[in-house]
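*Asks:* Pasting in a structure now, in C-alpha cells, and then I'll have a few things to ask.
The values are calculated or read from the model by the stated rules, or taken from the named source; none is laboratory data. Note that the structure is a prediction, hence the values are computed from the model and not measured. A quick note on method: Cβ atoms are made from the backbone with ideal geometry, for glycine too, and the neighbour counts reach across all protein chains shown.
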Amino acid sequence: MNQILILFAHPALEKSRIQYRLMKAASGIEGVTVHDLYQVYPDLMIDVPHEQALLSEHDIILFQHPFYWYSAPAIVKEWQDLVLEYGYAYGPDGTALHGKTLGNVISTGGDAHNYQPGRRHNHSIGEFLIPFEQTAAICGMHYLPPFTVHGAHDISGAKIDEYAEHYRQVLWHLQRSLPDQEALATMHTLNHWTSHQG
C-alpha cells in the first residue's frame, strides 16, 4: 500500500473554509501523514534532514495549499529550495526521490470556467502548475494532475463536505493504485478519477 505524505501549507488557517476541511478529512487515515508546514515551522526554519527522512518514508507526496497568486504559499517554495538539494533530489547522485509520485491539492477563489484561454485567468490550472510538474521530472518522480476545489468565495458548506469526502476517496484509491498512463492522458484533475475505479 502506498504511504502518502501531505505537505499542508496555509498561512491563515483560521480563515480557511476549504483547506481546513480537506485537511481534517485526510487526518486520521491510516498510511496518510498530514504535515502542517506553517504549524511546524512558524519561523520558516526548515529542518532539512527531518523533511528528507519523511520523504524517504512515503511513496506519494502531495502539496496541499490554497492557490495564491497562481502558485503556493511562500513556505512551499522555501521547502523546495532547501529540501530538494542537489545530490539528494537531483543531479548525478540525487536519486532519493526516483520513482515516487508528486501532486497538488489546491483550492481557488475563481470558478473553473475562468481557467482557460480568453477567460479571466487566461490559462489552465495545469499550465500554472507546470513548475511543480517539471520539479517532479527533474527529481525522477511521477506527476499527478491536481485535486482541485474551485470557487472558494461562494461555495456552500454542504458542497465543501462533498469535496472533503471525495478527497478521502481519492486518497484511499491512491494508496492502492495510481492512475494508469491511459487515464492520465485524459485527466486534467484527479477529481473524476475515482468514478472510474472499481
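*Asks:* Name the residue that is farthest from Glu85 (Cα to Cα), counting only residues in segment 148-198 that are among the polar types (S, T, N, Q) and not in a helix (DSSP H, G or I).
*Replies:* Among them, the one singled out is Ser156.
*Asks:* Conditions: (1) of a type outside the set (Val, Ile, Thr); (2) more than 27 Å from Gln52 (Cβ to Cβ); (3) in contact with a His (Cβ under 7 Å, 6 or more places away or on another chain). Gly140 meets all but one. Number of the miss?
*Replies:* Going through (1) of a type outside the set (Val, Ile, Thr); (2) more than 27 Å from Gln52 (Cβ to Cβ); (3) in contact with a His (Cβ under 7 Å, 6 or more places away or on another chain) one by one, Gly140 breaks only (2).
*Asks:* Another one. Which one of Ile155, Ile130 is of a type in the set (Val, Ile, Thr) and either surrounded by fewer than 15 Cβ atoms within 10 Å (Cβ to Cβ) or more than 19 Å from His65 (Cα to Cα) (or both)? Don't jump to the end; show me each part of the working.
*Replies:* Numbers: Ile155 fails: either surrounded by fewer than 15 Cβ atoms within 10 Å (Cβ to Cβ) or more than 19 Å from His65 (Cα to Cα) (or both).
Only one candidate qualifies: Ile130.
*Asks:* Further question on the same structure: Given Pro117, Pro92, Pro179, Pro146, which one is buried (at least 18 other Cβ atoms within 10 Å of the Cβ), modelled with pLDDT under 95 and not polar (S, T, N, Q)?
*Replies:* Sole residue among the options that is buried (at least 18 other Cβ atoms within 10 Å of the Cβ), modelled with pLDDT under 95 and not polar (S, T, N, Q): Pro179.
*Asks:* Can you name every residue in segment 133-142 that is of a type in the set (Gly, Ala, Ser), in contact (Cβ under 8 Å) with a residue 24 or more places away in the chain and surrounded by fewer than 16 Cβ atoms within 10 Å (Cβ to Cβ)? Steps first, answer last, please.
*Replies:* Pass one, segment 133-142, residues of a type in the set (Gly, Ala, Ser): 136-137, 140.
Checking which are in contact (Cβ under 8 Å) with a residue 24 or more places away in the chain leaves us with 136, 140.
Across segment 133-142, the qualifying residue is only Gly140.
*Asks:* Can you find a residue in segment 30-37 that is under 23 Å from Leu184 (Cα atoms) and either out of contact with any strand residue (DSSP E or B) (no Cβ under 7 Å at 6 or more places or on another chain) or basic (Lys, Arg) (or both)?
*Replies:* No: zero hits.
*Asks:* Going through Gly99, Gly126, Gly109, Gly103 one at a time, which residue ends up being within 19 Å of His142 (Cα to Cα) and either among the hydroxyl-bearing types (Ser, Thr, Tyr) or at pLDDT below 95 (or both)?
*Replies:* Gly126
*Asks:* Between a residue in segment 94-122 that is more than 25 Å from Leu178 (Cα to Cα) and assigned to a loop (DSSP other than H, G, I, E, B) and any residue that is modelled with pLDDT under 95 and of a type in the set (D, E, K, R), which pairs come within a Cβ distance under 8 Å, given they are 6 or more apart or on different chains?
*Replies:* Within 8 Å, the pairs are Gly110/Arg120.
*Asks:* Restricting to segment 129-159, name every residue that is under 14 Å from the mean Cα position of the chain (by Cα) and hydroxyl-bearing (Ser, Thr, Tyr).
*Replies:* Result: Thr135, Tyr143, Thr148.
*Asks:* Shifting gears a bit: So is Pro145 free of Cβ contacts under 8 Å to residues at least 40 places away in the same chain, closer than 17 Å to Ile60 by Cβ and assigned to a loop (DSSP other than H, G, I, E, B) or not?
*Replies:* When the stated conditions are applied, Pro145 does not pass them.
*Asks:* Further question on the same structure: Considering only segment 48-73, how many residues are among the charged types (D, E, K, R), under 23 Å from Pro11 (Cα atoms) and surrounded by fewer than 16 Cβ atoms within 10 Å (Cβ to Cβ)?
*Replies:* Qualifying residue count for the region: 0.
*Asks:* At least 3 residues that are of a type outside the set (D, E, K, R) and touching a Ser or Thr at 6+ places or on another chain (Cβ under 9 Å) in each: list the strands (runs of 3 or more DSSP E) lying fully within segment 1-89 that qualify.
*Replies:* 4-8, 60-66
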